[in-house]
Each structure stands twice: as structure tokens, then as C-alpha cells.
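J.: First, the structure itself, so that you have it in front of you.
The values are calculated or read from the model by the stated rules, or taken from the named source; none is laboratory data. Bear in mind the structure is a predicted one, so any value in this text is a computation, not a measurement. Because the Cβ atoms are built from the backbone with ideal geometry, glycine has one as well, and the counts that use them run over all protein chains shown. Heads up: the accessible areas ignore ligands, DNA and RNA and are worked out on the full protein's heavy atoms, side chains in. Shrake-Rupley method; radii C 1.70, N 1.55, O 1.52, S 1.80 Å.
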Amino acid sequence: MPRLTPRFAAMALALAVPLASVVSAAPAGAAPSLAAAVVPTATAAPSAGYWKTVTTSVPATRQVTKTRKVTKTRTVTKKVKQIRTTAALNLRKKASASSARVALLKKNTTLTAGGTKSSWRSVKVKSKSGWVLKKYLRTTTVSKKVKQKYTVTEKYTVTEKHTKTATKRVWVATSAPPSSFTVSGSGWGHGVGMSQYGAKARAEAGWSAERILTYYYDGAELDPSPSYANGDIRVQVLQAATASATVSDGAWRLRAGGAVSAVVTLNGKASTTKYASGAALPTPVGRLSASVKNGALTLSYGAGAAGTVVLTGPVTVQWQDTRAWTSGTAKTVVKVPRANEGTGTVAYRHGVLELSALAGKVNIINKLRLNDEYLYGLAEMPSSWSSAALQAQAIAGRTYAMNDMNAVDKYGTPKSNCACNVSDEVSSQKFTGWNKENEGTNAYYGKRWKAAVDATLEKSGTTPLSGVVMRYGGKLISAVYFSSSGGKTRTGQSVWGTATAYLQSKDDAMGSRRTWSSSVSQASMAKAFGLENVAALRLAHNADTTLLSATATSSKGVTKTLTASAFRAAVPTTSAWVEKATPVWAAP
């Protein structure tokens, strides 16, 4: 049974404007999908309409602070050098003692000095000028008060007129149907069995793996089973028109998986060789390239500097440091592009790869030991989570896979569409091989996950003797699980129509409730209900809080109810926990 894993990058759907929801009880006569009574939910509905932003302008005044430059005067004291006479002396017209006297200068007379000539110096005293002997002059420093102008910046306040704008949101009632609906809810996946986020929360609260599992699978018991203890599981990793593979950190070799024809071309000369099943084939150099021609697998690769090989028929790829080829000490891996959901490259550390033609396409199977090698690559839960949650996941994953082993004991029967026991995607369980086991710096996270798997095993050396599984009444349970719920898990009967004693609804409020939302246009919603339009939408819920039904009413009063499955088939949802359908009116 399919289940969704917690893929965090994809969990957030498009967000929509969160307006009030319109939710009411189920319409009369609607039957719940659970045996328990219907739990109606309702909230008061706003009047039909939309929010509009209104802008108004009114005259107003405001105080505005401005600045200006102002020139001011202040008195400052400066030090000034002056030349004064040291005695009373004559001011001569020329630089000569015999020259005519201009004036008699008193002692300490302040004067302005000019140039010199021999022992004389030209001076000026007020309006008179002439010459005096230099030896009767001295320079002195005095303090003098002077007026000084300076500029300052001042702030001042003025009253200024302006237009004031005010905005507010107002609800505009309308008779028109909503332009769209925001459908929102919580949870991720089908909701039956173990909630992975619930297991995480319980492990963090101190629950053991056994307590977690026996809580979600009511009445199940843990059993160290020797079944398939050392057995292999066949995992389909790719089915495509073309495929390729490379080897890293070691050597690889090819074995015939049936009758194989090899055309080897060396130095322009071709030769053909037939090989029986199990025979060693020419050693590949470089990349393997596979396709299907005339219904048979064709594999081409290099064979040295001047050679090529083209094989026709099924082929098994082996590599070093594995059970199939024990030589070598490095962790050799084979990488297959597009093996992760048709895009990413996956590295395979354990087992062998079997390449064949199936339904006109290249089919690649990773055949490896179920109890440890396969589980080491199970990518259903983040390896950073608590050990108890990881161990619970390992036991659930082993039980789930072992059920598929019981259903498919022979190659290709009954899963002839894949020649496998399980696929590597969530239609079975997500498997990414060495990518998971080697995750993190120095495989830190991969080692945590591997330790959790090993904690559920009993080994003799490297050989598994038993692995813990879950049983009910002595039989393996269908260990379905999912990512997160909307508060309660669901019964197996409510989802698949078959009552299963150990798949009952459980309170799951401890787990993280992954929320989601999607926007549905008026046209899409009307089409889903087959109405002219949808003016109102009411949701009714089951006892486990999942959607029971949705009832739409048109603007003409026509009403139609869809079951939860019909509603979810027509409207984008992520889980059965559809909580609200909020009408949205867009402003015209």
C-alpha cells in the first residue's frame, strides 16, 4: 500500500490569504465513513464580500522644524607683538644723526617699523614717519581685545499647511460568489498505521520502539523472526527506455544472466561469442550504456583503448567488496543515474544489479539481503531522529518488505510487471541504497540509521540469524505507515474498506501536524460540484477529524454534496484531514 514519506522540501504547498472559514455540519442523511458518530464542526460565517482599502485626504497643519545660518559678533583677546622705544629719541627725516628732526619720541612710544639701513630703521608713528636708531627699539607682546564675527546654525519652528492622507480597510458586502476558496488542513499521507511524526514525538518523550509500535498497531507483538534471515530481496530501481551505470572506488565485472551474445570490436575487427548463463563476460571499461532492441537488452561499453563490446541478453553486474565478489577492501559502489524518481543518481553498495529487457524497456534490479543490506538503504525517515523512532521504522520497514517477500517467492511471480519483490519508490518503500547508508559528513547520519537497523537484528558475525518483525495472531501484519496526521490516525476500514483488528484510529496529538493549504478558483470549485457557481461551502467531519463530506450551495440556492473521496479527487488536498474551505472575494 502506498504511503508518503516526510519529504520536507515538498511539504509546504502554496499559501493563501487566511480569511475566516465557512464550515458547518454534514447535510441531513449523510453517512459517516467511520463506525463512530459524525463530529460536526462549525464557525460563524462573515457576510459575503471583500476587504477594500479606502484612502481619504483632508487639510491639516503641522509644526515643521527648519534651520538657518546667523552671523554674530564676539570680543576675543589676542596676543599682539608691538615695537616700542626704550628711551626718548629723535625721529630723523633720514638715516643720519645730522638729518633734520621730524619729532621727539617719548619712551615706550608704540610705532610701526619698516626697513633698516645700517644702524637705523624706518618707522611710522601716527601720521609721521622717519628714521630712528635701532638700538633704542624693542619688541614686546601685549594682550589686545578685538571684535570677531562668526556664523552659527539655529533651529526654528514654523506652522506648515499640508494634505493628510488616511487609509483603512473596510469590508464591502457583495452578492457575488467568492472568486476562490482556500482549502486547508493538516497531515500528510493516508493516515493508517504508524505516524512517523507521532513516532518521533513519542521517542523524544522516552517511548521505546516496542511501545511506539504496539501503540500504533493495536494488539501486534514483536517477534525476532528467522524467516528470510539471510535471504535476498529484489528491488526494482529503474525501468526506462535507456539506462547507464558507472563504478567508483574499485572494479566491477559482468556475468551472463541467461544466454548472451557478445560482439567485441578490436582495432576495427569484430568477433562474436556466445555465452551461457553464469559465464564471465568481457570486463567493462568506462560507462555501461543499456537499451532494448528487438525485445532484448543491449549493453555497450569500452574494452580497452581500441575496443568496444556490445552484449545482447540479460546481464548481472558484480563489484568488489560484496558477498558476490569478496576481493577488494574499498567500499566499491555502482552508480545509476535517474534511479531516484527518474532524476537523481543512486549509488549501490550491496548485492548485485541485474539488467534485463522488460516490456520494451531496460529493467534494473538491485538484488541484496533483506534484513540488513536492503534496510540500510531504506530512506523513509530522517536519520537525525531519535534512536527509538529509527528502530520502530526499521521494524515496520522489515515487516512491510517481508510481506512482499511472502507474496513473491519466485522470480517475477506474481509481480511480472517489474520482476521484483518491491520497487524503490513510495509505491513500496523509498530505497536509496548507499545514498542513505553513507549520508552526512563521514557518514554520521548513515551510521545512526545503520545502528538502528542493527539494533533490531541478531547476527552471527556478519550473517543475520533473525530480524524483529510484527505479528498479529501469529501472522505478519500489514505494517503500513505514513508521515503525519491531523490529530488522530485512521482505521484501515475507513481508508481501504476492510476491517483490520490492529489498524485502529489512535490519538496522534503528540505528533507534529504538518499543515498545508491550496487555492481553488471559483471555476474549479463549481466544476467539482457540477454547479453554475459555488456561493457557500460547508464541510462535515468524521470522528477521527478527517473529511466526511463537502456541501456546496450555488447563488440560486442549488445544493450538492460530495463524499470526501469525490471532493479530494476534484480539489487539490494533501491528506484526508481537510479542515477548512475559506471563501475569498477579490476586489473588482
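J.: Has the range 189-198 got at least one residue that is polar (S, T, N, Q), closer than 30 Å to G351 by Cα and more than 24 Å from the chain's Cα centre (by Cα)?
T.: no
J.: Something else about it: Would you kindly identify the strands (runs of 3 or more DSSP E) lying entirely within the range 84-188 that contain at least 3 residues that are more than 30 Å from L537 (Cβ to Cβ)?
T.: Answer list for the range 84-188: 89-92, 101-105, 110-117, 120-125, 128-133, 137-173.
Residues checked against (1) at pLDDT 90 or above; (2) acidic (D, E); (3) open to solvent by 40 Å² or more (accessible area, probe 1.4 Å):
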{"position": "S387", "(1), (2), (3)": "yes, no, yes"}
{"position": "L390", "(1), (2), (3)": "yes, no, no"}
{"position": "I395", "(1), (2), (3)": "yes, no, no"}
{"position": "Y400", "(1), (2), (3)": "yes, no, no"}
{"position": "Y411", "(1), (2), (3)": "no, no, yes"}
{"position": "C418", "(1), (2), (3)": "no, no, no"}
{"position": "N421", "(1), (2), (3)": "yes, no, no"}
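J.: Take F529 and tell me if it is hydrophobic (A, V, I, L, M, F, W, C), over 22 Å from S180 (Cβ atoms) and in contact with a strand residue (DSSP E or B) (Cβ under 8 Å, 6 or more places away or on another chain).
T.: no
J.: If you don't mind, there's one more thing I want to ask. Hey, any hits in the range 196-206 for a residue that's in contact (Cβ under 8 Å) with a residue 40 or more places away in the chain, closer than 28 Å to L465 by Cα, out of contact with any Asp or Glu (no Cβ under 8 Å at 6 or more places or on another chain) and open to solvent by 40 Å² or more (accessible area, probe 1.4 Å)?
T.: No - not one qualifying residue is present in the range 196-206.
J.: Here's another thing I want to ask about it. Which residue, of T563, T498, is over 29 Å from Y50 (Cβ atoms), touching a helix residue (DSSP H, G or I) at 6+ places or on another chain (Cβ under 8 Å), open to solvent by 60 Å² or more (accessible area, probe 1.4 Å) and of a type in the set (S, T, Y)?
T.: Result of the check over T563, T498: T498.
J.: Using beta carbons and a limit of 6 Å, which pairs, at least six apart or on different chains, have the first residue in the range 207-236 and modelled with pLDDT under 95 and the second one among the β-branched types (V, I, T) and surrounded by fewer than 17 Cβ atoms within 10 Å (Cβ to Cβ)?
T.: From the range 207-236, the pairs are N230/T463.
J.: Now for a separate question. So is V310 touching a strand residue (DSSP E or B) at 6+ places or on another chain (Cβ under 9 Å) and either within 30 Å of N435 (Cβ to Cβ) or of a type in the set (K, R) (or both) or not?
T.: No: the conditions fail for V310.
J.: Separate question: Determine whether the range 362-369 contains at least one residue that is open to solvent by less than 10 Å² (accessible area, probe 1.4 Å) and in contact with a Phe, Trp or Tyr (Cβ under 9 Å, 6 or more places away or on another chain).
T.: yes
J.: Same structure again: What number of residues within the range 59-94 satisfy the criterion of being in contact with a strand residue (DSSP E or B) (Cβ under 7 Å, 6 or more places away or on another chain) and closer than 14 Å to Y136 by Cβ?
T.: 9
J.: Give the residues of the range 258-282 that are modelled with pLDDT of 90 or more, open to solvent by 40 Å² or more (accessible area, probe 1.4 Å) and not in a strand (DSSP E or B), sorted by residue number.
T.: Result: A259, A276, S277, G278.
J.: With the structure loaded, tell me whether L537 is part of a strand (DSSP E or B) and under 14 Å from G185 (Cα atoms) or whether it fails that test.
T.: For L537, the condition - part of a strand (DSSP E or B) and under 14 Å from G185 (Cα atoms) - is not met.
J.: With the requirement that a residue be open to solvent by 40 Å² or more (accessible area, probe 1.4 Å) and under 30 Å from M381 (Cα atoms), what does the range 168-189 give you?
T.: none
J.: Being out of contact with any helix residue (DSSP H, G or I) (no Cβ under 9 Å at 6 or more places or on another chain), within 30 Å of R398 (Cβ to Cβ) and loosely packed, with under 15 Cβ neighbours inside 10 Å: is that true of G114 here?
T.: Criteria not met by G114.
J.: In addition: Being over 60 Å from the mean Cα position of the chain (by Cα), more than 30 Å from A88 (Cβ to Cβ), open to solvent by 80 Å² or more (accessible area, probe 1.4 Å) and not charged (D, E, K, R) is true for just one of T165, T159, T151, T141. Which residue is that?
T.: From the options T165, T159, T151, T141, the qualifying one is T151.
J.: Let me ask another. Which fully enclosed helices (runs of 4 or more DSSP H) of the range 402-508 have 2 or more residues being without any contact (Cβ under 8 Å) to a residue 40 or more places away in the chain?
T.: Fully inside the range 402-508 and qualifying: 444-454.
J.: Hey, T345 hits all of (1) open to solvent by 10 Å² or more (accessible area, probe 1.4 Å); (2) touching a helix residue (DSSP H, G or I) at 6+ places or on another chain (Cβ under 9 Å); (3) part of a loop (DSSP other than H, G, I, E, B); (4) more than 25 Å from S460 (Cα to Cα) but one; which does it fall short on?
T.: Going through (1) open to solvent by 10 Å² or more (accessible area, probe 1.4 Å); (2) touching a helix residue (DSSP H, G or I) at 6+ places or on another chain (Cβ under 9 Å); (3) part of a loop (DSSP other than H, G, I, E, B); (4) more than 25 Å from S460 (Cα to Cα) one by one, T345 breaks only (3).
J.: Go through G250, G219, G206 for me and flag whichever is in contact with a Phe, Trp or Tyr (Cβ under 8 Å, 6 or more places away or on another chain), assigned to a loop (DSSP other than H, G, I, E, B), on the phi > 0 side of the Ramachandran plot and not assigned by the TED database to the domain that holds A339.
T.: Among G250, G219, G206, only G219 is in contact with a Phe, Trp or Tyr (Cβ under 8 Å, 6 or more places away or on another chain), assigned to a loop (DSSP other than H, G, I, E, B), on the phi > 0 side of the Ramachandran plot and not assigned by the TED database to the domain that holds A339.
J.: Kindly check whether there is at least one residue in the range 313-333 that is open to solvent by 50 Å² or more (accessible area, probe 1.4 Å) and not in a loop (DSSP other than H, G, I, E, B).
T.: Taking every residue of the range 313-333 in turn, none turns out to be open to solvent by 50 Å² or more (accessible area, probe 1.4 Å) and not in a loop (DSSP other than H, G, I, E, B).
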